[in-house]
Amino acid sequence: MSECFESWSRLFGSDCQSVVAVLIAVAGAAVYGLYYAALWLWKHVALKYNFHLQFIDHPPPNHKIHNFWFPYLLPIGTSKLCCLTQATHPFHGVRFNFRFLNEDQSNVPLTIISIRNIEECECDPTFIESIRPDTEGGMDAWYRSTVPALGTGEGRYFWVTVEASKPWSGHLCFRMQDAHGFRSYGSRKVAISELPNSPLLIYDTSNPDLISMKDAATKLYTESRVRGHRLASIAEKLSGWSDGGITSGTPDDILNYMATYIAFSKKTPLFGRRIPSTVVELIRWEDVRASTFTDGATKLEGTNNTANVYIDLSIEANNLEKLVQELNVAEDAQGEE
């Protein structure tokens, strides 16, 4: 009888061990699968749009970043853009691409805009091994095997030469690919300007048809705030810049933001006095698009290494009234929604 019980015990013990072993294997496989599923999901969500593409006035140091919330305006003809591609999470890329895309993410015809060349900025080591045009008006580039991975917040600087032929708006897109073929993206809104470079036009500072840019920015902000228009809240929350990120704005930041909206987004002709000139002139569009408003919309400072500085800034009063009327139209449209 004891031998029988021992046999059953051995059999039962052996079966339990087998079952436990199977359960452990299944659980291990499940954990392993969940880990890699989570890793795949994180990679394809968090890293899918891992790059911030930003326009700067010149390579570092002491560079300025173009306002992210406004389209970067390109002239008709050939221009050279200084770009910063910054990684949100670590990424080890082996090749990359710059290309223009329409609002619907389709490719832009070569007859409208295309990229002619890509160069590494002087501040970066030479990591690019080869560059060649893709088939859609962009440029592909391959890194040398010695290129290091980008850490969190790290970026690379490029000169991108662009050829534009007619008015258009869309995105400049950046794509980096790792050794496994995974692609990560970044983009910025751009537009080809319809405004040509203007001939020098002298204005009398006593002209009653002009309003100072500071007063215009103040009035447009006030009207937006009174109406509860989103333009005011955006200016309040997103016009500041601190420690490499967007923050709530100071009063001067808000006015600079509103002035940028007036002159850049709405392409309103801008007048000013270029230091040390004593006359107020119509500021050439090429100078406007390569500059930044500072000191509460009282100064326009060049960001293209030309050191252009304009003061006594003003616009035509009737253009400001048009912008105020547009707030009414937008307000009506919001009310209908």
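Figures for the structure shown
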item: Contacts under 9 angstrom Cβ, first residue in region 249-261 being in contact (Cβ under 8 Å) with a residue 40 or more places away in the chain, partner part of a helix (DSSP H, G or I) and of a type in the set (Ser, Thr, Tyr), 6 or more apart; result: LEU255/THR218; LEU255/TYR221; TYR257/TYR221; MET258/THR218; MET258/TYR221; MET258/SER224
item: Residue within region 267-277 that is touching a Leu at 6+ places or on another chain (Cβ under 7 Å), of a type in the set (Gly, Ala, Ser) and either within 21 Å of LEU220 (Cβ to Cβ) or crowded, with 17+ Cβ neighbours inside 10 Å (or both) present; result: yes
item: Residue match in region 187-197 (condition: of a type outside the set (A, V, I, L, M), modelled with pLDDT of 90 or more and on the phi < 0 side of the Ramachandran plot); result: yes
item: Filtered residue count, region 250-276, keeping only those that are more than 20 Å from GLN54 (Cα to Cα) and either in contact with a Gly (Cβ under 8 Å, 6 or more places away or on another chain) or not assigned by TED's automatic domain parsing to the domain that holds THR218 (or both); result: 4
item: Lone qualifier among GLU154, GLU103 - being among the acidic types (Asp, Glu) and within 20 Å of ALA87 (Cβ to Cβ); result: GLU154
item: Residues of region 210-229 satisfying the condition of being at pLDDT below 90 and surrounded by fewer than 13 Cβ atoms within 10 Å (Cβ to Cβ); result: GLY228
item: Any hit, region 240-253, residues being of a type in the set (Ser, Thr, Tyr) and modelled with pLDDT of 90 or more; result: yes
item: Leading residue by the ranking (surrounded by the most Cβ atoms within 10 Å (Cβ to Cβ)) among those in region 144-164 that are part of a loop (DSSP other than H, G, I, E, B) and modelled with pLDDT of 90 or more; result: VAL147
item: Any hit, region 128-135, residues being within 22 Å of the chain's Cα centre (by Cα) and either touching a residue at least 12 places away in the same chain (Cβ under 8 Å) or not in a loop (DSSP other than H, G, I, E, B) (or both); result: no
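Every residue, every condition in (1) farther than 16 Å from TYR261 by Cα; (2) out of contact with any helix residue (DSSP H, G or I) (no Cβ under 9 Å at 6 or more places or on another chain); (3) among the basic types (Lys, Arg), yes or no:
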site	(1), (2), (3)
GLU281	yes, yes, no
VAL288	no, no, no
THR292	no, no, no
ASP295	no, no, no
LEU300	no, no, no
ASN308	yes, no, no
ILE311	yes, yes, no
SER314	no, no, no
LYS322	no, yes, yes
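The values are calculated or read from the model by the stated rules, or taken from the named source; none is laboratory data. The structure displayed is predicted, hence computed values, not measured ones. A quick note on method: Cβ atoms are made from the backbone with ideal geometry, for glycine too, and the neighbour counts reach across all protein chains shown.
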